[in-house]
Amino acid sequence: MTIDTMQAGPALDAEVARRVFGIKKPFAAEGYQDNGLYYIASGKPRRTHAIDAVPLPRYSIDPAAACLVVEAMRARGCCVVIQDHPDPPTWRCEFIDELGTEHRRTAETFPLAVCRAALAVLGDA
């Protein structure tokens, strides 16, 4: 699966968490609040610290969480350009890295465009 074919949802959120934020082990937790993904911020083992689990932001769905991705990429030295296009309704996110390379992705939603562009900057993992 390529960056451009990844759909919004838990798999993309987990990939963004790992590659953009360095969250090592996001996990799905049945019986938790919303059956979404969680992580243990301290990085301690899930087996002994499950009570410390917090919900993983839905970076690819929630615009506020996508803004966290934008800020993380800016902290890495990237410039950002975000545009919306009304017809057809699409969003474009472009990160320009420190070498001046443009990493541009277009998607149906703002969060999805941001996540795909951020992963494009970080390359294959």
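Every number here is computed from the coordinates shown, using simple stated rules; none is lab data. As the structure is a prediction and not an experimental result, all values here were calculated from the model. Ideal geometry is used to build each Cβ from the backbone, glycine not excepted, and the neighbour counts take in all protein chains shown.
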Taking Cα pairs closer than 8 Å and at least 6 residues apart, the relative contact order of region 46-123 in percent is 26 percent
Taking the simple approach of a point 7 Å from Cα along Cα-to-Cβ for both Arg18 and Val54, what is their distance in nm? 2.2 nm
Among Glu94, Glu15, Glu108, determine the one that fluctuates most according to a GNM of the chain built with springs between C-alpha atoms less than 10 Å apart. Glu108
Calculated FRET value between Thr2 and Glu71, using beta carbons and R₀ = 25 Å, to 0.05: 0.50
Using alpha carbons only: equivalent-ellipsoid semi-axes of the chain, gyration tensor based, whole Å: 27, 16, 11
From the phi angles alone, apply the Karplus equation (6.51, -1.76, 1.60; θ = phi - 60°) to region 57-74 and give each ³J(HN,Hα) in whole Hz, x where the residue is Gly or Pro. x, 8, 3, 8, 10, 8, x, 5, 5, 5, 5, 5, 5, 4, 5, 5, 5, 5
